[in-house]
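Participant: Okay, handing you the structure first.
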Amino acid sequence: MQEYFEIGQIVKAFGIKGMVKVTPYTDDITRFDNLKKVYVVIRQTQKQYEIEEVKYHKNMVLLKFKGIDKVEDAENLRNGILKVERKDAAKLEEGSYYIADLIGMQVYTDEGKTLGVLDDIYNTGSNDIYVVKTQEQKEILLPAIQDVIKEISLEENKIIVHMVTGLE
């Protein structure tokens, strides 16, 4: 399992006091209110920053890090990926999973046939779409609904699906 989760990307400096503007990678951007620290990854270098202040502006997150007090310092963080440790990640409801834990899982039909590997997950608003890559490199798109996704086992690294008419 992944030790760190990506939660956003710094797109630019904001204002003159060292704030950064972040594109969030989370459904609930208010989760930033509960963070005390994040890791910023730039060019394979990861550094921890303490969060002093969180604001929101047009579905973006504005962060002020301790020790980043000038626009020039904030600009040096541009394009940095924000990560949190798994222990600091938002708690999930039962039956919910982190996308990072699902990617790479083996996908089987409820009849025992191997479909392939979960390659990606898209959020469409109403429900997620699971992208399964077959051995032939073909993509199968599966809606993440109860009629289709029957079982997810992180321990066994497998997902069982029911192929309703029209999915293959």
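Participant: Please tell me if LYS17 is charged (D, E, K, R) and modelled with pLDDT under 95.
Facilitator: yes
Participant: If the requirement is being surrounded by 17 or more Cβ atoms within 10 Å (Cβ to Cβ), part of a loop (DSSP other than H, G, I, E, B), touching a residue at least 40 places away in the same chain (Cβ under 8 Å) and of a type in the set (A, V, I, L, M), which of these qualifies: LEU63, LEU77, LEU115?
Facilitator: One residue alone meets the criteria, LEU77.
Participant: Another question about this same structure. Take the residues of the stretch 19-36 that are among the aliphatic types (A, V, I, L, M) and touching a residue at least 40 places away in the same chain (Cβ under 8 Å): which is nearest to LYS87 (Cα to Cα)?
Facilitator: LEU35
Participant: Can you name the number of the only condition in (1) at pLDDT 90 or above; (2) under 24 Å from GLU3 (Cα atoms); (3) surrounded by 12 or more Cβ atoms within 10 Å (Cβ to Cβ) that ALA100 fails?
Facilitator: Condition (1) is where ALA100 drops out.
Participant: Does LYS12 qualify as being under 22 Å from LYS87 (Cα atoms) and of a type in the set (Lys, Arg)?
Facilitator: Taking the combined requirement at face value, the residue does not satisfy it.
Participant: Right, LEU92: surrounded by 18 or more Cβ atoms within 10 Å (Cβ to Cβ) and either assigned to a loop (DSSP other than H, G, I, E, B) or in the same structural domain as LEU154 (by TED's automatic domain parsing) (or both) or not?
Facilitator: no
Participant: Right, something else. For residues in the stretch 130-149 being loosely packed, with under 15 Cβ neighbours inside 10 Å and touching a strand residue (DSSP E or B) at 6+ places or on another chain (Cβ under 7 Å), which is farthest from ILE103 (Cα to Cα)?
Facilitator: Only one residue tops the list, namely GLN135.
Participant: Quick test for you: out of TYR122, TYR39, TYR49, pick the one residue that is in contact with a strand residue (DSSP E or B) (Cβ under 6 Å, 6 or more places away or on another chain), surrounded by 17 or more Cβ atoms within 10 Å (Cβ to Cβ), on the phi < 0 side of the Ramachandran plot and without any contact (Cβ under 8 Å) to a residue 40 or more places away in the chain.
Facilitator: Just one listed residue meets the conditions, TYR49.
Participant: Is there a residue in the stretch 10-29 that is among the hydroxyl-bearing types (Ser, Thr, Tyr), surrounded by 14 or more Cβ atoms within 10 Å (Cβ to Cβ), part of a loop (DSSP other than H, G, I, E, B) and not assigned by TED's automatic domain parsing to the domain that holds GLN146?
Facilitator: Among the residues of the stretch 10-29, at least one is among the hydroxyl-bearing types (Ser, Thr, Tyr), surrounded by 14 or more Cβ atoms within 10 Å (Cβ to Cβ), part of a loop (DSSP other than H, G, I, E, B) and not assigned by TED's automatic domain parsing to the domain that holds GLN146, which makes the answer yes.
The values are calculated or read from the model by the stated rules, or taken from the named source; none is laboratory data. The structure presented is a predicted model; accordingly, all values stated were derived computationally and were not measured. We place every Cβ from the backbone using ideal geometry, glycine too, and count neighbours over all the protein chains shown.
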